[in-house]
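The values are calculated or read from the model by the stated rules, or taken from the named source; none is laboratory data. Since this is a predicted model, take the numbers as computed values, not measurements. We place every Cβ from the backbone using ideal geometry, glycine too, and count neighbours over all the protein chains shown. Accessible surface is based on the protein model in full, side chains and every heavy atom, while ligands, DNA and RNA are left aside. Shrake-Rupley method; radii C 1.70, N 1.55, O 1.52, S 1.80 Å.
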Amino acid sequence: MPEVFFPRLQKCGVPVKPELPPRELLPRHLAIIMDGNGRWAVKRGLPRVVGHRAGVETLREIVKACLEWGIEILTVYAFSTENWKRPREEVDTLMELLVEYLQKEADELHRQGVKIGAIGRLYELPEKAQRELMRAKELTARNRKLLLNLALNYGGRAELVDACCAVVRDVLRGKLRVEDIDERVLNSYLYTAGLPDPDLLIRTAGEMRFSNFLLWQSAYTELWVTPVLWPDFRREDLLAALHDYARRERRFGGIK
Ligand code: FPP
């Protein structure tokens, strides 16, 4: 079969075969910072919220690809603890999009074997969003094909603060001894308790920062940043990231 090039990658001179890398070289846990919705809309002379709506479409496509390609966990940064600083209209639209997404997609995701999860200070979300989230989580709780983990009102620092408070409470109650606290124990107090750390973190729209996403969990996560704005991000971009990841040597601070 002749080697096929993806046009976007060809531009950067990176040949990528269209097949999926071998399964054992795929990330188990993929995390994505879905950035660039606003810029996508502004470039087109449209209100920023149109970009978020387009971003939901991309999320649909990427969830489908993850399902097909056997990724076990997909954690997406949908709303940060800092995003409340945005204009009221934008925050409201993001919350409405979340409710709409859950109402429209939960049944189909359930049918496809997706378990819906969420991390963040969920109790601060609007009640309607909390209700839909609860419903979707309960509906899909026994699914095992893909965990779609929505980071909502999530901040890596807030998560560490919450974990510390929970640790202190357990110490004061006599459920935990200070001398028993280690990385494994602290990990079990995080929103992501029980999940493996992300293997690959993709950030769209070119910014080279973590923006308070999965700070503890990303200690040895492989990063992949693309200039492509989230609404333009396609399976071919994900495939390119997966190929790049498959070529990397992960040493976790050790030597080969
Ligand atoms: C960052 O783009 C994106 C967000 C703050 C929200 C991401 C949300 C979605 C993709 C859709 C909603 C998700 C669900 C689960 C329904 P930005 O607005 O910061 O873009 P900019 O940097 O170009 O301004």
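What the table below lists for this structure:
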{"read-out": "Filter result (surrounded by fewer than 16 Cβ atoms within 10 Å (Cβ to Cβ) and not charged (D, E, K, R)) within the stretch 97-110", "value": "GLN103"}
{"read-out": "Inter-residue pairs, beta-carbon under 8 Å, first part of a helix (DSSP H, G or I) and in the stretch 96-109, second open to solvent by less than 20 Å² (accessible area, probe 1.4 Å) and near the ligand (Cβ under 8 Å from one of its atoms), 6+ apart", "value": "LEU97/HIS52; LEU98/PHE79; LEU98/LEU150; LEU98/LEU152; TYR101/LEU59"}
{"read-out": "All positions within the stretch 242-256 that are open to solvent by 30 Å² or more (accessible area, probe 1.4 Å) and assigned to a helix (DSSP H, G or I)", "value": "HIS243, ASP244, ARG247"}
{"read-out": "Selected residue (criterion: nearest to ASN212 (Cα to Cα)) from residues of the stretch 103-131 that are more than 16 Å from the chain's Cα centre (by Cα) and within 12 Å of the ligand (Cβ to nearest atom)", "value": "LEU125"}
{"read-out": "Residues being over 16 Å from the mean Cα position of the chain (by Cα) and within 16 Å of the ligand (Cβ to nearest atom) - total across the stretch 228-242", "value": "2"}
{"read-out": "Only listed residue being more than 8 Å from the ligand (Cβ to nearest atom) and assigned to a strand (DSSP E or B), chosen from ALA65, ALA31, ALA54", "value": "ALA31"}
{"read-out": "Tally, over the stretch 68-87, of residues that are open to solvent by 70 Å² or more (accessible area, probe 1.4 Å) and away from the ligand (no atom under 14 Å from the Cβ)", "value": "2"}
{"read-out": "Test: PRO15 is modelled with pLDDT of 95 or more and of a type outside the set (A, V, I, L, M)", "value": "no"}
{"read-out": "Residues of the stretch 107-161 satisfying the condition of being of a type in the set (D, E, K, R) and under 11 Å from THR81 (Cβ atoms)", "value": "ARG121, GLU124, ARG157, GLU159"}
{"read-out": "Which listed residue, of GLU24, GLU72, GLU3, is modelled with pLDDT under 95 and over 21 Å from GLU100 (Cα atoms)", "value": "GLU3"}
{"read-out": "Residue tally, condition open to solvent by 10 Å² or more (accessible area, probe 1.4 Å) and among the aliphatic types (A, V, I, L, M), over the stretch 111-164", "value": "9"}
{"read-out": "Test: residue in the stretch 88-96 that is in contact with an Asp or Glu (Cβ under 9 Å, 6 or more places away or on another chain) and either of a type outside the set (S, T, N, Q) or within 13 Å of the ligand (Cβ to nearest atom) (or both)", "value": "no"}
